[in-house]
1. Using packing as a proxy for protection, rank 4-13, 34-43 so that the peptide with the highest average count of other Cβ atoms within 10 Å comes first.
2. What's the carbon and sulfur percent of the chain's accessible surface, probe 1.4 angstrom, rounded to a whole number?
3. By how many degrees, between 0 and 90 and to the nearest 10, does the Cα long axis of helix 126-139 differ from the longest principal axis of the chain?
4. What number comes out for accessible area per residue over segment 1-136 if the probe is 1.4 Å? Units Å², please.
5. Would you pull out the residues with amide H under 5 Å of Val116's amide H, same chain only if 5 or more places away, H placed 1.01 Å from N?
6. Quick one: which of 74-81, 15-22, 62-69 comes out on top by average Cβ neighbours within 10 Å, and what's the full order, highest first?
7. In segment 65-93, whose amide N lies under 11 Å from the spot 7 Å out along Cα-to-Cβ of Asp27? List them in ranges.
8. Write down, largest first, the equivalent ellipsoid semi-axes of segment 1-54 in whole Å, where each equals the square root of 5 times an eigenvalue of the alpha-carbon gyration tensor.
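The values are calculated or read from the model by the stated rules, or taken from the named source; none is laboratory data. All values derive from a computational prediction rather than experimental measurement. So basically every Cβ, Gly included, is an ideal-geometry build from the backbone, and we count neighbours across all protein chains shown. Note: accessible area is taken over every heavy atom of the protein model, side chains too, but ligands, DNA and RNA are not part of it. Shrake-Rupley method; radii C 1.70, N 1.55, O 1.52, S 1.80 Å.
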Amino acid sequence: MTTGYDDTNVFAKILRGEIPCHKVYEDDHTLAFMDIMPAVDGHTLIIPKVKARNILDCPPEALKAVIATTQKIAIAAKQAFLADGVTVQQFSEAAGGQEVFHLHFHVLPRQMGEHVKPLPRPFADHGILAAHAEKIRAAL
Ligand code: AMP
C-alpha cells in the first residue's frame, strides 16, 4: 500500500545533514552522492530536494531538475570510470523494488560484460567511496 512522504527516511536525513554522505554534486534543487552499497564502482544516487516519495508523486518541475542532474552525473561517471555505458534505474514503491522512500535515480557506470553485484550487497569502504566521489566530481 502507498503511504505519503515519511520525513524519517534516510535520504531526508542526508538532506537535513543529520547523517553524512559522500557528496558528488549539489545545486538548489538536487543532490548526488555515492550509494553506500554499490552495485558497481561509481554507483551514484541523485535525489530532488523536494519531499517526493518516488516518481509517482514528484512535481514535474522537480523531476525535470533531477533528470537533468542524473544526465550530468551519468556523463561524468562514464568519463571518470572509463566506462563503456551507463545504466540509469528508478524504483517506485516496494513492489517496484524501492527500499528508500525518497525519490532517487541510480547511475551505474558499466563496463562491457561486467555484471552488477546481486542483492544484498555489502557496505563499501568509506575511503573507496570518497575516492570514487572525487573522481566523478573531477569529471563534472
Ligand atoms: P532503492 O530504494 O531500491 O532504489 O535503493 C535504495 C538504495 O539506497 C540502495 O542502493 C542502497 O544501497 C542505498 N542506500 C541506503 N542507505 C544509504 C545511505 N545512507 N547512503 C547512500 N546510499 C544508501
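1. Working: 4-13: 13.6, 34-43: 20.1.
Descending packing order for the listed peptides: 34-43, 4-13.
2. Numbers: 4600 of 7670 Å².
C and S fraction of accessible area: 60 percent.
3. Computed tilt is about 80 degrees.
4. On the way: 7380 Å² over 136 residues.
On a per-residue basis, 54 Å².
5. Under 5 Å from the amide H of Val116: no residue qualifies.
6. Values: 74-81: 20.2, 15-22: 13.6, 62-69: 18.0.
Sorting 74-81, 15-22, 62-69 by mean packing, highest first, produces 74-81, 62-69, 15-22.
7. Only 65-73 fall inside the zone, counting backbone N under 11 Å.
8. On the way: eigenvalues 76, 39, 24 Å².
For segment 1-54, the semi-axes come out at 19, 14, 11 Å.
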